[in-house]
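Input: a single structure, listed below in structure tokens.
The values are calculated or read from the model by the stated rules, or taken from the named source; none is laboratory data. Model, not experiment: these values are computed from the prediction. Positions of Cβ are backbone-derived with ideal geometry, glycine not excepted, and every protein chain shown enters the neighbour counts. Just the protein is used for accessible areas: all its heavy atoms, side chains included, with ligands, DNA and RNA removed. Shrake-Rupley method; radii C 1.70, N 1.55, O 1.52, S 1.80 Å.
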Amino acid sequence: MEVVLDQDIKCYHCGQACEDTLWMEDKAFCCHGCKTVFEILSANDLCEYYDLDKNPGIQLKQISEETYAYLDEKDIRRKTVEFDSDSFSRVRFYIPAIHCVSCIWLLENLQKLNTGVLRSEVNFARKSVTLDFNPEKVKLSGVARLLASLAYAPQISLEQEATVSVSSNKSLVIKLAVAGFCFGNIMLFSFPEYLGLDQGDESLKFTFSWLNVVLSIPVFFYSGFDYFRSAWKSFEQRQINIDVPIAVGLLALFARSIWDIVSGFGPGYLDSFTGLVFFLLIGRWFQSKTYESLAFDRDFKSYFPLAIHKLMGLEWKPVVIYDLKKGDQIRIRNMEIIPADSLLLDAEAFIDYSFVTGESRPVKVKLGELVYAGGRLIGQPVTMVVDKKTSQSHLTSLWNHAAFQKVEESKYKKIIDRAARRFTWIVLGIAVITAGYWYAVDPSQMWLIITSVLMVACPCALALAAPFTYGNMLRVFGKNNFYLKNADVIERLATINAVVFDKTGTVTHGQSPDVQWEGDLNDNQLGWIKVLTSYSTHPLSNVITKSIRKPGIGEVTKFKEFPGKGIEGEIDGSIIKIGSPAFTGFTGTLDDMSSKVFVSINQEVKGYFTITTSIRKDIKNMLSRLGGVCAALLSGDNEADKARMGGLFHPSVQLLFNQSPHDKLDFIRKLQLEEKKVMMLGDGLNDSGALKQSDVGIAVTDDTGVFTPACDGILQGDKISSLDKFMQLAKASTIILKTGFVISFLYNAIALSFAVTGHLTPLVAAILMPISSISVVVFTTVAVNWVANHKLNAATSLDYRVTTGSNLYQTKPVTTF
């Protein structure tokens, strides 16, 4: 290695001038930090980083071992990480240095640099990176030091509720203000030209022209520089993006104006140039604001209203999770989601963190230990105290974990991406042909017309059509208690041609059921049953718990729940089983087996509860509107309810009973092999596999915090009668989206025809750009709201015409014990 003093040598990593040059493999580095980064990338065959962008790094010095050591302190680590266990941890760092595609590429390949890093994902808009790592292989301080050694030092805040604000919008407003100030003053200085003053005022015109040049320089090098930077980056990456024609037009107009003023040929077009940048930035600001207001990264409050039991005085009452605050005591039952980071108050609990990590492996937690939001309780209920209120979008991001995503890619995203790439080349081709024509016809108009062509043709409106159509429809669904995971679900929902229903908790519900006990139980044993069933979230368990008016007695240990079979626990030394005949050991025969829940104590069958559940209101009318789209009813119960279900569903619908969770999944897969697009509706308890396998899986719920993260949406139980209307709205969304595409293409075609014929100035073209985006946004918003009001109001009017005298909908009061 050789040390050389040469100010003209540039660092291979960061591009800064080298004072003390360090050489390696004929490459110069300004410091040991930059050299170390290159060595790391070279050793891991990641030098493609330098192919994506020339000198992409940022200058840095060596990172001390102690720089981030404080992150390993227990209290500080607890405030920093989002999730922590012995072998899996997750942390999100804000990294201001993220600025280009090479940054994203490198940060999402960190697992190649350190085997302790399991996964990394960059959010470019927020300039953040989420890292999953194995703390047994790398410490939190080591992860931060790795980032810093690559010139991406994380900005860390230790405040629990602190959020690091990204200054991109503020910077955009400043650029907009500079462009507006310069544009306004250049127009004032151009009045001599506008007013056609005589030759005696040439000196005044000359002075004003040079003042215009001075005012246009900050607009070129500051306000409009992002367009040039973006265009240059695309050339370096051997690609072409939407900013290329805009940058070419701005450069042509600025260069021609400077030439005219310097040569004395004319006053130039600096008023048009600065006005162009000003209105382009207005369009960009509008686009950022509209995306922000659309709030795709919605908080869990607007996403799904999960409920949890909170201690209020001496009673446990259900509350919506966003009302929780630090210090609240909450009670979590089997299979319920922990809504906030909490401390365990019981001796132990088993938590399934598959909602967080994507892997189902229960973790044992002991008294006083922290349980992270998103974990799901396995086993008997526990009490916790909220330690940290859930961040606004945390549960939303968990629901959208890659492990629960459908493989199918959005068709419209493909169309938009392909159109945007080809569109730029088409616009550049049209600009070249237009330039050739006007050079021959009227060279003095050529530059203005070329700029108009390059400005007016922009697929921004095309890019806005899909997110605004689906985003507004998501809001409509949410207001009507139908909560979808993301916008892609609407696209899939529109293609559904086969709907499959679960029975218990979906077609039927536990509101005002008739519950009868047949058998031999004393008061103490009834109290045991009440306590044990209260541990479960299954609809039939809830019905039994509510039907027993006597107080619960005893403390449950060794609680277990077997999906599709029943529950088991030990109270005062007695083993109690509640569930199906086979599960409890019943071997006899009964004429009527409808919704019977058997009870055995110490392997002796004591009897059974007969539960006559109610069919959800107005569901028959909805099923008739679905028609042939309704494919099947799958139930884990026996066939005793078959006659009642047969009167509800069309004769062509398959009614399958005694279906295990695996049978349901296989049935869905079989329909898909027949080229069907399947939607499955279930309670999310015994049919999570089927929900995940289906093209659209919907968990139907009644005021509960239980659902499977594999589902694509959550539908409030009393809204299932509007299912067909939601499907129609999804199909209407695709029509609105296609109409938005047509509007965008028509705008570009008409505007281009005016531009190439010289009937459109660059300034007007710049004004039309945001107007085109506004028109698409307004159209999609108005169309979605109109269609939603029309469809849902029609659904309401139809519901009032449903016959209410049918025996199917008559219910009996709950029998108490």
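Just to be sure, is Val371 at negative phi and modelled with pLDDT under 85? No, not satisfied. Looking across the range 626-666, the residues that are assigned to a helix (DSSP H, G or I), within 35 Å of the chain's Cα centre (by Cα) and over 21 Å from Ile720 (Cα atoms) come down to Pro661, His662, Asp663, Leu665, Asp666.
Within the range 559-589, the set of residues being farther than 16 Å from Val543 by Cα, without any contact (Cβ under 8 Å) to a residue 40 or more places away in the chain and either assigned to a strand (DSSP E or B) or open to solvent by 60 Å² or more (accessible area, probe 1.4 Å) (or both) comprises Phe562, Lys565, Glu568, Glu570, Ile575, Lys577, Ala582, Thr587, Thr589. None of Leu540, Leu532 is more than 30 Å from Phe649 (Cα to Cα) and buried (at least 17 other Cβ atoms within 10 Å of the Cβ) except Leu532. Of the residues making up the range 471-489, those that are open to solvent by 10 Å² or more (accessible area, probe 1.4 Å) and not aliphatic (A, V, I, L, M) are Asn472, Arg475, Gly478, Lys479, Asn480, Asn481, Tyr483, Asn486, Asp488. In the set (1) free of Cβ contacts under 8 Å to residues at least 40 places away in the same chain; (2) exposed (fewer than 14 other Cβ atoms within 10 Å of the Cβ); (3) touching a Lys or Arg at 6+ places or on another chain (Cβ under 9 Å), the condition left unmet by Leu665 is number (2).
Listed by first and then second residue, the pairs linking a residue in the range 136-155 that is without any contact (Cβ under 8 Å) to a residue 24 or more places away in the chain to a residue that is open to solvent by less than 20 Å² (accessible area, probe 1.4 Å), with Cβ atoms under 8 Å apart and 6 or more places separating them unless they lie on different chains, are Lys137/Gly116. Taken over the range 721-763, the criterion of being crowded, with 21+ Cβ neighbours inside 10 Å and among the β-branched types (Val, Ile, Thr) is satisfied by Ile736, Val756. Look at (1) buried (at least 24 other Cβ atoms within 10 Å of the Cβ); (2) at pLDDT below 85; (3) more than 30 Å from Lys731 (Cβ to Cβ) and you find that Gly554 fails only one, number (1). Of the helices (runs of 4 or more DSSP H) that lie entirely inside the range 473-556, those containing 2 or more residues that are out of contact with any helix residue (DSSP H, G or I) (no Cβ under 7 Å at 6 or more places or on another chain) and of a type in the set (S, T, N, Q) span 523-534, 539-547. Applying the condition of being open to solvent by less than 10 Å² (accessible area, probe 1.4 Å) and in contact with an Asp or Glu (Cβ under 6 Å, 6 or more places away or on another chain) to the range 307-352 and asking which residue is modelled with the highest pLDDT yields Leu344. Say we look at the range 70-84 and pick out the residues that are free of Cβ contacts under 8 Å to residues at least 60 places away in the same chain and over 27 Å from the mean Cα position of the chain (by Cα); which of these is most open to solvent (accessible area, probe 1.4 Å)? For the range 70-84, the residue satisfying everything is Lys74. The residue list Ser536, Ser624 contains one member that is in contact (Cβ under 8 Å) with a residue 60 or more places away in the chain, closer than 24 Å to His509 by Cβ and small (Gly, Ala, Ser), which is Ser536. Kindly provide the set of residues from the range 626-642 that are modelled with pLDDT of 90 or more and either open to solvent by 20 Å² or more (accessible area, probe 1.4 Å) or farther than 25 Å from Ser688 by Cβ (or both), ordered by number. Across the range 626-642, the qualifying residues are Val629, Ala631. Filtered by the rule that a residue be of a type in the set (D, E, K, R), surrounded by fewer than 16 Cβ atoms within 10 Å (Cβ to Cβ) and not in a strand (DSSP E or B), the range 590-625 gives Asp591, Asp592.
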